[in-house]
1. Please give the charge dipole size of the range 147-273, origin at the Cα centre, charges +1 on K and R Cβ atoms and -1 on D and E Cβ atoms. Round to the nearest 20 debye.
2. What are the semi-axes of the equivalent ellipsoid of the range 147-273, taken as the square roots of 5 times the eigenvalues of the Cα gyration tensor, listed largest first and rounded to whole Å?
3. Round to a whole angstrom and tell me the spacing of the C-alpha centers of the range 284-332 and the range 67-101.
4. Please list the non-local residues whose amide H lies under 5 Å from the amide H of residue 34, H modeled 1.01 Å from N, same-chain partners needing a gap of 5 or more.
5. Considering the Cα positions of the range 156-218, please state its Rg to one decimal place and its Dmax as a whole number of Å.
6. Work from the charge dipole of the chain (Cβ charges, +1 for Lys and Arg, -1 for Asp and Glu, about the Cα centre) and give the residue of 247, 84, 176 farthest towards its positive end.
7. Counting only DSSP beta bridges with both residues in the chain, what percent are antiparallel, rounded to the nearest 5?
8. Which of 223, 192, 238 sits farthest toward the positive end of the charge dipole of the range 147-273, with +1 on the Cβ of Lys and Arg and -1 on the Cβ of Asp and Glu?
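Just so you know, all these numbers are worked out from the coordinates, no wet-lab data involved. Please read all numbers here as calculations on a predicted model, not as lab measurements. Here Cβ is always computed from backbone atoms with ideal geometry, including for glycine, and neighbour counts include all displayed protein chains.
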Amino acid sequence: MLKKCFVVMVSLCLAAVLAAGSGFAADEVKVGIMIPTTGGTATDGKDMESAIKLAVDEINAAGGLLGKTIVTTTGDDACDPQQAVAAASKLISEGVVGVVGGYCSSATLPTLALYGEAKVPFVITASNSTALVGANPGIGFMINSTGDAQADTAVGLFESLGVKSIAVIHMGEAYSEDLAKISRAKWEEKGNQVVAYEVVNKGEQDFSSLVTTLKSKNPDAIFWTAYYAEGALLIKQLRQAGYRGTIAIGDGSNSPKLIEIAGRAAEGVYCFSNPIVDYLPAAKDFAANFTKKYGVAPGPYSTLSYDGMMLYADAVKRAGSFDKAAVAKALKATDNYEGIAGPISFTDKLTLARSNFVVLKVDGQKWQLNK
């Protein structure tokens, strides 16, 4: 009897080990979160993580997913390509059945091959460089519109303001350079001028030389396509130097932190943004629950991150399985899934099948929807 019990115990332990290696431990299933929790974009990254975990809490409270409780594990990509590879490797080694997140496109880009090799479906909630499209091995599902849609939004705003000449500034990495190139091309196709096309280094703080160059070119508008930490300082220094033209920024700078850092210099700045919680009626309950749980208001990528986790769960239910290939197939077949940030369907390139960009403007030290 003792021998029989021992055999049963060993068998159960072995089954548990094998299950853990596949992302399962007893009645649990493991989902990865890949975002920056350190570095200059950590504020947005942690906000995304919180939104994903809020979705997980709600799923678990409603009985879990196919009878399993979801547990999460986070990989910090630090908005850095090398660290992102390490983060993705960590998540894969821990046996995740899916990944939700992706903030900086330059960090997301090298992870696609790793997730592709491991067949792990990846719901990409913020990263939107068109460079991701060509590198996608069929496992990355982008629920934020790509740089093409954002560039169209930018061109439309500039034209509506009577702008004829612009300067474009990027940071030389996947997201910002991609957006800069597309915007320049689309603007010039309209017969307009790009009088300056400049690149700055990540972490740069003194833009005096660039400001001098931009003032000498005297563009009607300046378009910053990178992130808020450097963008806020550039805006501040431009205004201090007397530049009074239009300043616009891409969605990588749509954080309230930009206003906080730039101060009064941010007043009147335009931003091309994914839908934020303030202007999404469907996000009212989400915002209340987020604030109650974390004690702060949800940030600019919180709604997409929440939607990303809920979409992954919906795909698992439609697949009737945690099998990675089956879930990826279900994600691809998504037909107008109703997220709080709007409906989600995918093109044949696995990009969002609509433009979700809106134009915001700083008014009274707050982002306001541009009328």
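1. Values: 13 positive and 16 negative charges, 96 e Å.
Around 460 debye, computed over the range 147-273.
2. Values: eigenvalues 77, 50, 40 Å².
That gives 20, 16, 14 Å for the three semi-axes.
3. One Cα centre to the other: 16 Å.
4. Under 5 Å from the amide H of residue 34: 75, 100, 101, 102.
5. Calculated on Cα positions, Rg and Dmax stand at 12.5, 34 Å.
6. Projecting each Cα onto the dipole axis, the largest value belongs to 84.
7. On the way: 14 of 47 bridges.
Antiparallel: roughly 30 percent of the beta bridges in the chain.
8. Of the candidates, 238 comes out farthest on the positive side.
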